[in-house]
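Inspection log for the structure reproduced underneath, given as structure tokens.
The values are calculated or read from the model by the stated rules, or taken from the named source; none is laboratory data. Note that the structure is predicted; figures quoted are calculated from it, not measured. Every residue, glycine among them, receives a Cβ derived from its backbone with ideal geometry; neighbour counts consider all protein chains shown.
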Amino acid sequence: MATTSRCGGSLQTTITERNASGASFWARHQRSIAPWLFLTPALVLFAVYVLAPIVQSIALSFYEWDGLGKARFVGLANYIELAGDVDFRAALKNNVIWLAGFMLSIPAGLFLALFLNQSVFGMRAVKSLFFFPFVISQAVIGLVFSWFYDPANGLLFHVLHWFGIGRVAVLSDERYVTYGIVVAGLYPQIAYCMILYLTGLNNVRADLIEAARLEGAKGWSMLTRVVLPQLRPATFVAVVVTVVGALRSFDMVSIMTQGGPYGSSRVLAYYMYEQALSEYGYRMGYGSAIATVLFLIMLVYIAFVIVRIYRQEQERH
């Protein structure tokens, strides 16, 4: 009986030690393990619905496929064809115009945020009016600007007529059509950048502002040396979102011109759609090659911005 008691006690001690060691392992590592437990569902969904389609699209760009039959491996043939595709170069040029034009939304949004960041009666209602373009559908904005550019009876026609200028068919003229669509796209993008900067201005340290005022800083020096450095996180988000929005622009082109006239307003996203999914193409492999090039352009540009901001932060510290 004594032997049994000793064995039972030894077994109980071993189990207790194992439980204690297990508990101590969790106690030692729970701060590093717990975040991954919360992130795992999001990471799984991100891998399934974002990373996997990207990999599949890149892989499909090496094939010739109509979406129904058997895919045929063609290697780099789609990319070689892209290099000599005049329509692809025109769409790429339009994307550069979109990118340059959309970057104007960042200083414009900052200006509006500084203007609206005041404790004045009724300012909340004014902020809502400026934010309204971002809330409404892109399709609605496209239709409104199509009516605005109408050379027969649009608001632009009446304004030009008042100044003694003849009709300008913005959406029917190859020289102006891309710029006209970019202006329509800027309308909601400026509102989004404005909200980002308004949020950032709420987090600006008041003590630094007061200290700068005591040192005699005001106006432009106050803005560039005190306020803007504290708005770097908002600026980073604004730049990334603006660049991505400019490069993947599709809806405005589809609604306002459908790539016309004569393909002069095509962008890469719309050209990809035409080649892969419209009645003009059904070339899934070629469309995937266009999507891959667009993805690489966004990846390189955003990586450049991230590295530059990271280096600036390192220099500050």
Does region 222-281 hold any residues that are in contact (Cβ under 8 Å) with a residue 60 or more places away in the chain and among the acidic types (Asp, Glu), and which are they?
251
Please specify each residue of region 208-235 satisfying the condition of being within 26 Å of residue 190 (Cβ to Cβ) and not aliphatic (A, V, I, L, M).
219, 220, 221, 224, 225, 229, 230, 232, 233, 235
Check every one of the helices (runs of 4 or more DSSP H) wholly within region 114-233 and list those with 3 or more residues that are more than 26 Å from residue 260 (Cα to Cα) and among the charged types (D, E, K, R).
206-214
Out of all the residues in region 106-121, is one or more more than 25 Å from the chain's Cα centre (by Cα), modelled with pLDDT of 90 or more and crowded, with 18+ Cβ neighbours inside 10 Å?
no
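Tally up the residues in region 49-73 that are of a type in the set (Ser, Thr, Tyr), surrounded by 11 or more Cβ atoms within 10 Å (Cβ to Cβ) and not in a loop (DSSP other than H, G, I, E, B), please.
Number satisfying all stated conditions: 2.
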Quick check: is even one residue across region 282-289 part of a loop (DSSP other than H, G, I, E, B) and either crowded, with 17+ Cβ neighbours inside 10 Å or among the basic types (Lys, Arg) (or both)?
yes
With the structure loaded, tell me whether residue 92 is over 17 Å from residue 189 (Cα atoms), under 19 Å from the mean Cα position of the chain (by Cα), modelled with pLDDT of 90 or more and in a helix (DSSP H, G or I) or whether it fails that test.
yes
Quick one: residue 129 ticks every box in (1) surrounded by 15 or more Cβ atoms within 10 Å (Cβ to Cβ); (2) modelled with pLDDT under 85; (3) among the hydrophobic types (A, V, I, L, M, F, W, C) except a single one, so which number is it?
(1)
Name the pairs: first residue in region 34-57 and within 18 Å of residue 292 (Cα to Cα), second residue aromatic (Phe, Trp, Tyr), Cβ to Cβ under 9 Å, at least 6 apart or on different chains?
54/295; 57/295
The number of residues in region 24-40 that are within 35 Å of the chain's Cα centre (by Cα), surrounded by 10 or more Cβ atoms within 10 Å (Cβ to Cβ) and among the polar types (S, T, N, Q) is 2
Within region 235-249, residues more than 17 Å from residue 108 (Cα to Cα) and either surrounded by 15 or more Cβ atoms within 10 Å (Cβ to Cβ) or over 31 Å from the mean Cα position of the chain (by Cα) (or both) come out as 247, 248, 249
Within region 180-197, does at least one residue satisfy the condition of being over 19 Å from residue 245 (Cβ atoms), at pLDDT 90 or above and not acidic (Asp, Glu)?
no
Return the pair list, or none, for Cβ contacts closer than 7 Å from residues in region 62-77 that are farther than 20 Å from residue 293 by Cα and touching a residue at least 24 places away in the same chain (Cβ under 8 Å) to residues that are among the hydrophobic types (A, V, I, L, M, F, W, C) and part of a loop (DSSP other than H, G, I, E, B), at least 6 apart or on different chains.
71/65
Please enumerate the residues belonging to region 261-273 that are within 15 Å of residue 86 (Cα to Cα) and either at pLDDT below 90 or not in a helix (DSSP H, G or I) (or both).
262, 263, 264, 265, 266, 267
Would you be able to say whether some residue in region 221-234 is modelled with pLDDT under 85, at positive phi and surrounded by fewer than 16 Cβ atoms within 10 Å (Cβ to Cβ)?
no
